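Structure, as structure tokens:
Only the coordinates and a few stated rules stand behind these numbers; no lab work does. What you see is a predicted model; the values in this text were computed from it and never measured. Neighbour counts are summed over all protein chains in view; Cβ atoms, including those assigned to glycine, are modelled from backbone coordinates with ideal geometry.
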Amino acid sequence: MKRILSRIMEEFRTWELPELAARDAYFPIVRGKATVITGMRRTGKTSLCYQKMKELLAGGVPRDRILHLNFDDDRLMRFTADDFQTILDVYYSEFPQNRDFLCYFFLNEIQNVPGWEHFVRRLIDREKVQIVLTGSSSKLLSDEIATCLRGRSVRGVMYPFSFAEFLLANGVFETLPTRLSDRDISLLRNALRRYFTIGGFPEVQSVDERTRYAILQEYIDLVIFDDVVERHEVSNVKVLRHLLDTVLNNPSQKFSVSNFHKEMKDQLKLKCSLADLYDFLKYLEDAYILFRLKLHSRSVKKAQVNPAKVYPIDVGIVRAASRDPDANCGHLLENMVFLQMLREGWKMGYVVTEKGGHEVDFYAAHPIDKRKRLVQVSYEMPSSVTLKREVEALIQAGEELGVKERLIVTWDDEAELDGGISVVPAWRFLLGL
């Protein structure tokens, strides 16, 4: 194992790091804690690590103080917990002077080796090493990390490209504009149509439509079989697949597990317990292919008994799974708005007003700057009757919750309405302009 590790370390020191699209994901570095990057498969976790390595090199950190090991490497298939000390023996025998400096260890798929957490805790406690862990969501989940590392980790989540990352990755702009010309706005509108179609997974950005659908459908299968069936020993694959298919075909909508259970039993004659359905939904959420949004309410019981809204990870995934990809552009736009606020760190819930029972898509509070906002999403500027209802809902919810920032996000309309309501085009909202 010493010879294998020595060879892998030497290869990394001489290997030119790939040129990849820049990512703007949250990447926390805290001394005394491991940085853990989680997220759905193929969102670019390893690429983000390469980006951070380049930043370290550009900041003057010597290449020999950066170590990268991928435990998916076939040469490490026989690696066991007993071999972890060998990593330190080989590394520090080649660079003994580095014991006096902070080194950076990027360990990919380390969870493939049982007992990995004991090694990582020892590194944190006894060595001058900053640890970065990445891995598939099927084996490196946040609740497991909390148990294994006991407060010695800080987590970042990787999502598919944001609209800003999409623009840079596809060469629409070299740098994002801060002041928009008419030409810039035209480019943004055109790019948004494409982003709305293909989504943000890096691998599908430059392939043809048929290949894109094949790749995204393969992602769905990977989540089903690797992240749920294999990991949780699920035998009722038919129900699991039907559950995910239903969610992907109904994005941004309330999902009642009890109603779904009744439909399966009465109409489809599929057998599955209600408890198993709740478990399946949790497994899919753990794998980051979907997110649930609960009712925002002061009453915990009220929030629990009302159905959650469900948002898939990416509009491209939705289109790849959908029987009618353009059936409801409004729900797809709402999904994009949700994901953008999720990336930005907003804590969210949907709202039903106490007076009148008006519904607002998002109540959002930011834990850092303490901002609060109410956001309604409508693909097109509503008709006068519908617009009146949307405005009343925002005003009523704003008064009940004490929120002054009130937005209606549309595809391309822009206006200022009574009640302090701003109508914002999606391309502007997604870029925070």
Task: Karplus-derived HN-Hα couplings along the range 162-169 (A = 6.51, B = -1.76, C = 1.60, θ = phi - 60°), whole Hz, x at Gly and Pro - done: 6, 4, 4, 5, 4, 4, 6, 5
Open item on the list: Can you compute the charge dipole magnitude of the range 2-158 about its Cα centre, using +1 on each Lys and Arg Cβ and -1 on each Asp and Glu Cβ, nothing else charged? Give it in debye, rounded to the nearest 20.
Closed with: 340
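If a/c stays under 1.5 just call it rounded; otherwise compare a/b with b/c (prolate if a/b is bigger, oblate if not). Do that for the range 2-158, with a ≥ b ≥ c from the square roots of the Cα gyration tensor eigenvalues.
It comes out rounded by the Cα gyration axes.
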TODO: List, in order, the whole-Hz ³J(HN,Hα) value for each residue of the range 29-34 obtained from phi through the Karplus relation with A = 6.51, B = -1.76, C = 1.60 and θ = phi - 60°; use x for Gly and Pro.
DONE: 10, 9, 4, x, 9, 7
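Antiparallel DSSP bridges in the chain: what percent, to the nearest 5? Working shown, then result.
Numbers: 19 of 50 bridges.
Around 40 percent antiparallel, to the nearest 5.
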- [ ] Apply the Karplus parameterisation 6.51 cos²θ - 1.76 cosθ + 1.60, with θ equal to phi minus 60°, to every residue of the range 249-261 and state each ³J(HN,Hα) to the nearest whole Hz, in sequence, with x for glycine and proline.
- [x] 8, 9, x, 6, 10, 5, 10, 9, 5, 5, 5, 5, 4
Task: For Gln130, distant residues with modelled amide H under 5 Å away - done: Cys103, Tyr104, Phe105
Open item on the list: Using the basic label-point model (7 angstrom from Cα toward the beta carbon), what is the Ala327 to Leu20 distance in nanometres?
Closed with: 3.5
Task: Residues with amide H under 5 Å from that of Gln253, placed H, sequence gap 5 or more - done: Val310
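For the chain, what does the relative contact order come out to in percent, with C-alpha contacts under 8 Å and a separation of six or more?
Relative contact order of the chain: 13 percent.
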- [ ] Take the chain, compute every pairwise Cα distance, and split them into 20 Å bins from 0; I just need the percent in each bin.
- [x] 23, 52, 23, 2
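Select from the chain the helices, each a whole stretch of DSSP H, whose alpha-carbon atoms run 15 Å or more along the helix axis and whose Kyte-Doolittle mean is at least -1.0; answer none if there are none. Display every interim value, and only then the final one.
Details: long enough: 2-14 (18 Å, -0.65); 45-58 (20 Å, -0.28); 84-94 (16 Å, 0.06); 116-126 (16 Å, -0.85); 182-198 (25 Å, -0.37); 209-222 (20 Å, -0.56); 237-248 (16 Å, 1.00); 274-286 (18 Å, -0.05); 329-343 (21 Å, 0.66); 384-401 (25 Å, 0.01).
Going by DSSP H runs, the hits are 2-14, 45-58, 84-94, 116-126, 182-198, 209-222, 237-248, 274-286, 329-343, 384-401.
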Task: Given Lys238/Lys301; Lys128/Lys370; Lys262/Lys302; Lys54/Lys370; Lys355/Lys404; Lys301/Lys372, the pairs whose alpha carbons are separated by over 27 Å - done: Lys238/Lys301; Lys128/Lys370; Lys54/Lys370
- [ ] Run through the DSSP bridge list for the range 328-433 and note the antiparallel percent, rounded to the nearest 5.
- [x] 55
